[in-house]
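The values are calculated or read from the model by the stated rules, or taken from the named source; none is laboratory data. What you are looking at is a predicted structure, and each value in this text was computed from that prediction instead of being measured. Counting neighbours? That spans all protein chains shown, and the Cβs are built from the backbone with ideal geometry, glycine included.
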Amino acid sequence: MLNGYPNTDVLGLHQRGHVLIATLNRPEQRNALNAELRLALRDAFDRFDADESVRCAVLTGNGKAFCAGGDLKEMAQTNMAVPPENSFIMLGSKGRLSKPVIAAVNGYAMAGGFLLAQDCDLAIAAEGATFAISEVKRGRGAPWAVPLISMLPKRIMLELLLTGEPIDAHRAYEVGLVNKVVPAGQLLEAATAMAEIIAANAPLSVRASKQAVEVATEVGQTAALAAAHQLFYRVYTSEDAAEGPRAFAEKRKPVWTGR
């Protein structure tokens, strides 16, 4: 367990260079999201966002499932009706991170598991992975799916919501839900390799780029462009902005400070 991160059996954490790898670890329950796992995710990703030693994260699941969604047995035991609003916030307690997260979807990503993959910035799926918003089959709801309207065509979104039927990894790639599909044995390596590429880039530029895209999905083009200029002002005036061209001229790798 990494220093300063939550110590729990339900979420494995380890660091590879500047990359944090978080593994959902309830394989017997198909990594279903119970209260303990939700809290562990919030705590771990709060720590990740504040940890200067890591610049990108990979989220995956142990076993045959990425995440089968909410723990239905726990819901039945607690007589859950309307879920608390914060139950849909898992990657940190604020609902938004300043650093990118890549979903490495190794199997089922259903209901709340779909939400986890949706909330990540990028996604790589193993061949054989499946995605479903299955709430209609359980008499539940998926208000958290609303942001999909900026990620998927309307009719694909409706298909997922109204049928509750899964789509496979290749269909998810075709409709733009995932960035890449790889053989199952190469999944974690492929996701970590992408994370390492991101982590090697200037951290202020990465953060501003992520924020600019988030703003652009919520406001019109003119407002998003104005916001992007403001976001990147800090980047242009940073020490790293001088270090990048200097390193290129000196034919060496840049040493980023995030300042």
| query | Quick one: which helices (runs of 4 or more DSSP H) sit completely within the stretch 200-249 and have at least 3 residues that are over 25 Å from the mean Cα position of the chain (by Cα)? | reply | 221-236, 239-249
| Considering the stretch 92-112 alone, what residues qualify as being under 12 Å from the mean Cα position of the chain (by Cα) and in contact (Cβ under 8 Å) with a residue 40 or more places away in the chain? | 92, 96, 97, 98, 99, 100, 101, 102, 103, 104, 105
| query | Do any residues in the stretch 145-156 that are under 15 Å from residue 120 (Cα atoms) and of a type outside the set (Ser, Thr, Tyr) have Cβ atoms under 8 Å from those of residues that are in a loop (DSSP other than H, G, I, E, B) and at pLDDT below 90, where the two are at least six apart or on different chains, and which pairs are they? | reply | 147/217
| Condition met for residue 172 (of a type in the set (Gly, Ala, Ser), free of Cβ contacts under 8 Å to residues at least 40 places away in the same chain, under 22 Å from residue 217 (Cβ atoms) and part of a helix (DSSP H, G or I)) | no
| request: Look through 157, 90, 110, 151 and report the one residue that is over 28 Å from residue 48 (Cα atoms) and either touching a helix residue (DSSP H, G or I) at 6+ places or on another chain (Cβ under 9 Å) or buried (at least 21 other Cβ atoms within 10 Å of the Cβ) (or both). | output: 157
| request: Tell me which residues, restricted to the stretch 51-109, are small (Gly, Ala, Ser), modelled with pLDDT of 65 or more and in a loop (DSSP other than H, G, I, E, B). | output: 53, 63, 68, 69, 92, 93, 95, 98, 107
| request: Evaluate the following for residue 155: is it part of a loop (DSSP other than H, G, I, E, B) and of a type outside the set (Asp, Glu)? | output: no
| Test: residue 146 is closer than 27 Å to residue 113 by Cα, at pLDDT 85 or above and surrounded by 15 or more Cβ atoms within 10 Å (Cβ to Cβ) | no
| message | Being at pLDDT 95 or above, among the hydrophobic types (A, V, I, L, M, F, W, C) and either in contact with a strand residue (DSSP E or B) (Cβ under 9 Å, 6 or more places away or on another chain) or surrounded by fewer than 18 Cβ atoms within 10 Å (Cβ to Cβ) (or both) is the requirement here; does residue 235 meet it? | response | no
| field | Residue list for the stretch 13-42, restricted to those being buried (at least 17 other Cβ atoms within 10 Å of the Cβ), in contact (Cβ under 8 Å) with a residue 40 or more places away in the chain and out of contact with any helix residue (DSSP H, G or I) (no Cβ under 6 Å at 6 or more places or on another chain) | value | 21, 24, 29, 30, 31, 32, 38, 41, 42
